[in-house]
1. Report yes if some residue within segment B:165-179 is part of a loop (DSSP other than H, G, I, E, B) and buried (at least 20 other Cβ atoms within 10 Å of the Cβ); otherwise report no.
2. If you go through segment A:199-219 one residue at a time, how many are away from chain B (no Cβ under 14 Å) and in contact with a strand residue (DSSP E or B) (Cβ under 8 Å, 6 or more places away or on another chain)?
3. Here is a check on your reading of the model: is residue A:304 within 21 Å of the chain's Cα centre (by Cα), in a helix (DSSP H, G or I) and closer than 29 Å to residue A:190 by Cα?
4. Looking only at segment B:468-488, which residues are closer than 21 Å to residue B:202 by Cβ and part of a helix (DSSP H, G or I)?
5. Take segment B:140-164 and flag every residue that is surrounded by fewer than 14 Cβ atoms within 10 Å (Cβ to Cβ) and within 25 Å of residue B:80 (Cα to Cα).
6. Residue check: is residue A:222 more than 24 Å from residue A:112 (Cα to Cα), crowded, with 17+ Cβ neighbours inside 10 Å and more than 14 Å from chain B (Cβ to nearest Cβ)?
7. Looking at segment A:145-165, is at least one residue within 14 Å of another protein chain (Cβ to nearest Cβ) and touching a strand residue (DSSP E or B) at 6+ places or on another chain (Cβ under 9 Å)?
8. For segment B:409-431, does any single residue satisfy the condition of being away from chain A (no Cβ under 14 Å) and under 20 Å from the mean Cα position of the chain (by Cα)?
């Protein structure tokens, strides 16, 4: 109890409900002052548009990390979804989407089985799955890029509701449901209990296996949704490019947003803020004509800083 | 004792604290050449701290260690190893897919011109194994050996380092009876070759079978060091538990003076012939409605295992569990909870509390499904429940939203108890419910347990404090090496009888019926 005092200056600065939003605000205001045409409605909407797929994946990743796991498969899930949709779109949109999301769920089911039932290490398991499913996606697509034309599906990625891109609406709905889920549902409460102390959760009667299963299913489903949106926007099925590095962007957003890697807390809104911070950096560097590579350096520093201030406290 | 024996290792006035909490208060330990020296004590006695200081894993705060004729201060285990002090732990550190010989010589492979000399390695390993009287092929991979033989390989590795002092930490905990006798042969052989052995175990039989002297620690202090031939089992147990059989202490717990409803109510729990791995005997227990039954025994006697198995948290090899006459199939705690059981583990931190969650969330965790509609938890009902139980158990917290790990041990325990009381619980399994809790809270929890029993709950309580069992329980079942050896109630249920049963087993008291 006493040790809480030590180093609390930095910690309150990066308190999950305070530090990241403050950083985002500062970044945004600084850019509004220094970057021409940054703080406009169209640029802001554009940034939201660009971040929305990352946001979807990052929300799923928040669940996984809160359960003390990790899911590296998400980018490959997007790729598989992308090629399945592109190949089946001529048989009708419903069939294509249904098949693609089923494939995503299957990936989640397999991950869940390996990790919660066979107790394999999540990092290695999903790393293997990452390699495998990207491979499967390319085999399914025969290594080609598959373009398609389907206005209804493409609207998912390009359409607007009033001023707001449909993608952004989807992301907002997902974020809101995830927030509610963590806060108020039985599953959400079980999730943080399992992540916080799995042995204790089990002894309280929580079926921890089921919780972990669900977490990987949710992550896969949201990755599938992200893949769908991305494919719709590009109007191509591209198993070698879509979703590359998506898992890392998602993990970065989660970490910067204040969900600890040690599990036990799921900060969905923090993840949103984390994703936005990353996006603001990319966009502003781009607009200021600073080479893209420098934005990577700054992002990595921010990730390290976030991990540093969240490091486990000595008790 | 042979007067000519010389002292190999002498530790004097060793003190060690961890973040201000003393673990050793000035402990002496003396080991002679060719001696098998038992080191025993209950939880928190300081055995493992002492061993770690011996092997250089920890550094002492003060005190002297003399090894041979020199004063030593090991900075790390490698330094201790280099002069011949080596520990073989329960979790054996070997490389599974390398051969026996490779494991024995790992890191010190005989080589010429940078190339490992396999022939020399294999003959060297064979020589050491022969010295230990073991028939193990040095070329077979360690992964293909059984646990006992792996342990022998670990010992052989220690010998190959030229161990003069070998520390065995609970070496028999995962061995079968025959494997134990192989281990004993090896130990005796080493002794005859002049190696000194520090033997840590809770099994009294083994101590008397193989050890020369014993040092008992309790709460970080020396209690006694004596040849085992002059120390009776009863005295040894009394030293370990810090009780004297003729000691009369009444009214030391909050249980004292409470009416013990002797009226026989109907049977609640009936557990028969429970068996776990590596144990010879079996455990049978019966708990009635409104009854507190105590489980007594030394550390490692199978008390916690019994409670965990009853709760479905640990697999049973054999046996049946009936609750209110209904046969239960216990695959997980979930099943046990549905049947109406509840369990407080002995280690609150490891598998009790969810540290980062609030008092409210910890308290309602087990009852959550009953507070949920359409998958959504009702915060209102949650708050109502939490307020009620925080008041009833007088849980002291800043608010229900305070994180549980910030509470004192006693208050944490109350929250965990409340976790089960707000559910429909029939049988409470309590594993050391008052350990590590300040006196005030301890009394409150004892009173609460008694009240709950008066209301008709069945309670099975494990405790290392014999007074708690004598004053709190209607009946006490004594366990020893995974076997229920005595069942005491009424007049027979006193300190002396319990200590006696722990020390001597069934032969002194009436055996437990089926």
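The values are calculated or read from the model by the stated rules, or taken from the named source; none is laboratory data. Source: prediction; values computed, not measured. Ideal geometry is used to build each Cβ from the backbone, glycine not excepted, and the neighbour counts take in all protein chains shown.
1. Checked segment B:165-179: at least one residue is part of a loop (DSSP other than H, G, I, E, B) and buried (at least 20 other Cβ atoms within 10 Å of the Cβ).
2. 0
3. no
4. Result: B:468, B:469.
5. Within segment B:140-164, just B:162 meets the criteria.
6. Answer is no for this residue.
7. There is no residue in segment A:145-165 that is within 14 Å of another protein chain (Cβ to nearest Cβ) and touching a strand residue (DSSP E or B) at 6+ places or on another chain (Cβ under 9 Å).
8. No: segment B:409-431 contains no residue that is away from chain A (no Cβ under 14 Å) and under 20 Å from the mean Cα position of the chain (by Cα).
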